[in-house]
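Trainee: My structure is below; once you've seen it, I'll send some questions.
The values are calculated or read from the model by the stated rules, or taken from the named source; none is laboratory data. Since the structure is predicted, the reported quantities are computational estimates derived from the model, not experimental observations. All Cβ positions, even for glycine, are placed from backbone atoms using ideal geometry, and neighbour counts span all protein chains on display. These accessible areas exclude ligands, DNA and RNA; they are computed on the full protein's heavy atoms, side chains included. Shrake-Rupley method; radii C 1.70, N 1.55, O 1.52, S 1.80 Å.
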Number of protein chains: 2
Amino acid sequence: MSRSTPRNETMSIARLARHLGLSEGTISRALNNYPDIAEKTRERVQKAARELGYRPSSSARRLARGVIETIGFVLPTCRTQHSDPFLAEILNGLATELALHDWDLLVSAVPDGQNEVDVIDRLVGSCKVGGFVIARTRRHDARVDYLRQSGVPFVVQGRTDDPSDYSWLDIDNEQAFIDAVSYLRRLGHVKIACLSGDPTMNFAWQRRSGYLHAMAQQGGHIGVGYLIDGITDAVSAKDATNRLLSITENDRPTALLCVTDAVAIGAMQAINGAGLGVGRDISVMGFDGLPIGQAVHPALTTLHQDSYEIGREAGRMVLGLCTDPSSLPKQTLWQAKLTPRASVNPPGTSPAQHNQGG
Amino acid sequence: MSRSTPRNETMSIARLARHLGLSEGTISRALNNYPDIAEKTRERVQKAARELGYRPSSSARRLARGVIETIGFVLPTCRTQHSDPFLAEILNGLATELALHDWDLLVSAVPDGQNEVDVIDRLVGSCKVGGFVIARTRRHDARVDYLRQSGVPFVVQGRTDDPSDYSWLDIDNEQAFIDAVSYLRRLGHVKIACLSGDPTMNFAWQRRSGYLHAMAQQGGHIGVGYLIDGITDAVSAKDATNRLLSITENDRPTALLCVTDAVAIGAMQAINGAGLGVGRDISVMGFDGLPIGQAVHPALTTLHQDSYEIGREAGRMVLGLCTDPSSLPKQTLWQAKLTPRASVNPPGTSPAQHNQGG
DNA sequence: TTGACTTACGAAAGCGCTTTCGGTAGCGTG
DNA sequence: CACGCTACCGAAAGCGCTTTCGTAAGTCAA
């Protein structure tokens, strides 16, 4: 481990060169595996570099090469809302993939009084990043507009409503909710309600569309007040669900599709609080696959997505764009995995039949 | 907005200099507000820079100055466990504070087969970062050992069991759990159990210590099996709580202190699942102040900490260390805020008295 | 042995910015 | 008018690395 050697105070290529009696250029080429270096010299140089704890200065290298090898990421500015459970996972995947290729991830936040585009512009303009990844995409997203005209390679996790000419990767939210409705319909549910999210966020919009389309196509019944928008966390979900529960029993939905697991958990609490049984009187379905969904009672049926892998794929994509700038926009669609658990059962399931498994 | 000007392809100081008929040195000094520049010239230069969309190259500047202006952060490698709800908040606060001072945050992850110290060493050694922030600190933490001998300024969120000679900031976990026990004792609880976390993590160890000390000092009763270690998520919490519930009613705890809100929620599910009432038969208390704690039923009493502010303070501290390397280690202790809600009541509370508020 | 050709390396010019040093013009003072 | 002084700016040397170009030695065929 080079880490055990004394600290790399000023170990430069120049010092290595003097130490070995070679020129700086030779050292550089030997370390970077250029072809026109004698095998013997290369090994001698690399051995010395290892032993003396040489580490290239990334600023110098970047300046000389004119490349950046850094990807930018701006944290979504939703401080008021739930701390996004994906974010850590996605960042982890992204950072891992970048680290494997010796690229860096530069993370920034949006200070009060600035907007996201200002921050992106600052990072791009000062040549601090050579590419960008953005997440939590809105249907119309100024960040995408900016990046599109900036010429900087970028990858969008999620997509806008006009996702034609840039690279993105996304869960097939619409299909996922279509699958969810199919699943509920097969079990016999007809009256299916939906707690939808912030309609300016595209993932929420797409799930909502999937719900509406599938309900129309598969003969579900959307009663008055069945579709509630703007539910972003467990607290607002609880209120909204209580409104649903105030509908007379005949018109009340037997199943509830929730835009996220957090919303689903809020809904479950409201149902339990009203003395009704989740998965018996009302089936509840979430989206995300949060670990907590396995611990609530009954365990939450959900549409699972692997955020870590999404982050890694975003990393691969943006690296591809950066290293081969002529490459065409690439788009990847993932399918969410329907994970049946105890919170969804056929309507009218008696307590005895109630599936307790996880 | 400079963003509306044509892209900054090759707008360098050299071009500015030619354009204005000045030397490069003058441009640089004018832009950086050196004293020996005529006011008129300074304004002329800054105006031209703005209009031509000049942005300094950070690599060049860093190379010339020999400073880094970047803080490193390595994402905790707990992929198997819960995605830490703080992380996003802390990162947000940290990145915000750094952004306000035009510093950058470099985030890395730990690829399979490497450990955290390798990653830190790589970032420090290649001069990519000038300071470090670490989180999720263990009682004995190799990262701290490494950073201590490396000479790099760093701040630890949390602390090790030997927190004497470096900078850290932490919640007073021990005091928080002492306060929690006091609160429960004042309400009349005697038999108080504790779901503790991974004992190698110092926050969990400290909370556990607080529980043990306070129980000894305040005359609580710790029955057999009351203290359960290694509970890190809602799922394991559910199992552990079921074990507690299997104790005969006379010896069963009337209150349950949980190392985190996620654990508390798992415990609540187990209690509800056993047909008992949270806040009636057994009071439950968490730690974190997650939003979801307000949505569960009954609402979760918890010890609240503001992760965003912790992140910002970490940023301030590490900036202080980096800009004034001679400054002494600084240590900040925060108090968690006890937030009473409905999940905790005096023992033997009848359903009628049961506080339903949130 | 000579010529052309390959191999392996040194010399040196950058990359874009900072900063020290020195010099000129303008000012005031005696 | 000579002197010193300040204010302002240009020249130039880096920061540590990359890369082009050139060249000396080594290889091979004729």
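Trainee: Cut-off 10 angstrom, C-alpha nodes, Gaussian network model of chain A. Which of A:25, A:273, A:93 fluctuates the most?
Mentor: A:25
Trainee: Total Å² of accessible surface buried at the A-B contact, 1.4 Å probe, nearest 100?
Mentor: Working: alone 17500 and 17540 Å², together 29540 Å².
Result for this pair: about 5500 Å² buried.
Trainee: In whole Å, what are the extents of region A:105-213 along the principal axes defined by its C-alpha atoms, from largest to smallest?
Mentor: Per principal axis, max minus min of the Cα coordinates gives 58, 29, 22 Å.
Trainee: Roughly what angle does helix B:85-100 make with the longest principal axis of chain B, taking Cα atoms, 0 to 90 degrees, to the nearest 10?
Mentor: 30
Trainee: Here's something else I'd like to know. Taking residue A:213 in one copy and the same position in all the others, each labelled 7 Å out along Cα→Cβ, what are the pairwise distances from the first, in nm, shortest first?
Mentor: Shortest to longest, the spacings are 6.0 nm.
Trainee: Which GluC sites (Glu not before Pro) in region B:88-177 pass both tests, a DSSP loop state and at most 14 other beta-carbon atoms within 10 Å?
Mentor: When the GluC sites (Glu not before Pro) of region B:88-177 are filtered for loop state and at most 14 Cβ neighbours within 10 Å, nothing remains.
Trainee: On to the next question. At a threshold of 8 angstrom on Cα-Cα distance, excluding pairs fewer than six apart, so keeping six or more, what relative contact order does chain B reach in percent? Could the numbers behind the result be given before it?
Mentor: On the way: 642 pairs, mean separation 58.8, N = 358.
In percent, rounded to a whole number, it is 16.
Trainee: Here is a follow-up. So, with a 1.4 angstrom probe, what is the percent of accessible area on region A:84-203 that is carbon and sulfur?
Mentor: Ligands and nucleic acids excluded, carbon and sulfur give 49 percent.
Trainee: Another question, then. Compute the convex hull volume of the Cα atoms of the protein assembly as shown, divide it by the residue count, and report the result per residue in Å³ as a whole number.
Mentor: That works out to 184 Å³ per residue.
Trainee: Can you compute the charge dipole magnitude of chain B about its Cα centre, using +1 on each Lys and Arg Cβ and -1 on each Asp and Glu Cβ, nothing else charged? Give it in debye, rounded to the nearest 20.
Mentor: 1020
Trainee: Could you list which residues have their amide H under 5 Å from that of residue A:259, counting only those 5 or more apart in sequence or on another chain, with H placed in the peptide plane?
Mentor: Amide H neighbours of residue A:259: A:195.
Trainee: Oh, and also: I need the inter-copy label distances for residue A:64: point set 7 Å along Cα to C-beta, values in nm with one decimal, smallest first.
Mentor: Reported distances to equivalent positions: 1.9 nm.
Trainee: Here is a follow-up. D for chain A, whole µm²/s, Stokes-Einstein with Kirkwood Rh over alpha-carbon pairs at 25 °C and 0.890 mPa s: what number? List each step's numbers first, then the result.
Mentor: On the way: Rh = 23.3 Å.
Estimated via Stokes-Einstein, D reaches 105 µm²/s.
Trainee: May I pose another question? On average, how much accessible surface per residue is there in chain B, in Å², for a 1.4 Å probe, leaving out ligands, DNA and RNA? Kindly include the intermediate steps, with their values, before the conclusion.
Mentor: Numbers: 14800 Å² over 358 residues.
Per residue, chain B has an accessible area of 41 Å².
Trainee: Probe 1.4 Å, all protein chains in place: accessible area of residue A:68 in Å², nearest 10?
Mentor: 40
Trainee: How tilted is helix A:202-217 with respect to the longest principal axis of chain A? Cα atoms for both, answer in degrees (0 to 90, nearest 10).
Mentor: 40
Trainee: Over region B:2-56, what number does the Rg to Rh ratio reach, with both radii from the alpha-carbon atoms and Rh per Kirkwood? The partial results should precede the final answer.
Mentor: Numbers: Rg = 10.7 Å, Rh = 11.2 Å.
My calculation of the ratio gives 0.95.
Trainee: Related question: For region A:229-322, place one equal point scatterer on every Cα, skip the solvent, and apply the Debye formula. What is log10 of I(q)/I(0) at q = 0.17, 0.19, 0.20 Å⁻¹?
Mentor: -0.70, -0.82, -0.88
Trainee: Roughly how many whole Å is it from the C-alpha centroid of region B:268-290 to that of region A:101-143?
Mentor: A separation of 42 Å, based on Cα centres.
Trainee: To one decimal place, what orientation-averaged projected area in nm² is obtained for the convex hull of the Cα set of region A:103-149?
Mentor: Computed as one quarter of the Cα hull surface, the answer is 3.7 nm².
Trainee: Right, next: Computed on alpha carbon atoms, what radius of gyration and Dmax characterise region A:173-305, expressed in Å?
Mentor: Both quantities, over Cα of region A:173-305: 13.0, 35 Å.
Trainee: Sticking with this structure for a sec: Calculate the mean, over all residues of peptide B:86-95, of how many other protein chain Cβ atoms lie within 10 angstrom of the residue's Cβ.
Mentor: Values: counts 2, 7, 12, 4, 1, 6, 10, 2, 3, 10.
Neighbouring Cβ atoms belonging to other protein chains average 6 per residue here.
Trainee: I need the shape label for region A:81-122. Rule: rounded when a/c is under 1.5, else prolate if a/b > b/c, else oblate, with a, b, c from the alpha carbon gyration tensor.
Mentor: It is oblate, given that a/c is not under 1.5 and a/b is not larger than b/c.
Trainee: Calculate for chain A the 222 nm mean residue ellipticity that helices alone would give, adding -39,500 (n - 2.57) per DSSP H run of length 4 or more and normalising by residue count, nearest 500 deg cm²/dmol.
Mentor: -12500 deg cm²/dmol
Trainee: Using a label point 7 Å beyond Cα on the Cα-Cβ vector, give me the inter-copy distances for residue B:118 in nanometres, one decimal, shortest first.
Mentor: Those separations, rounded to one decimal, come out as 4.2 nm.
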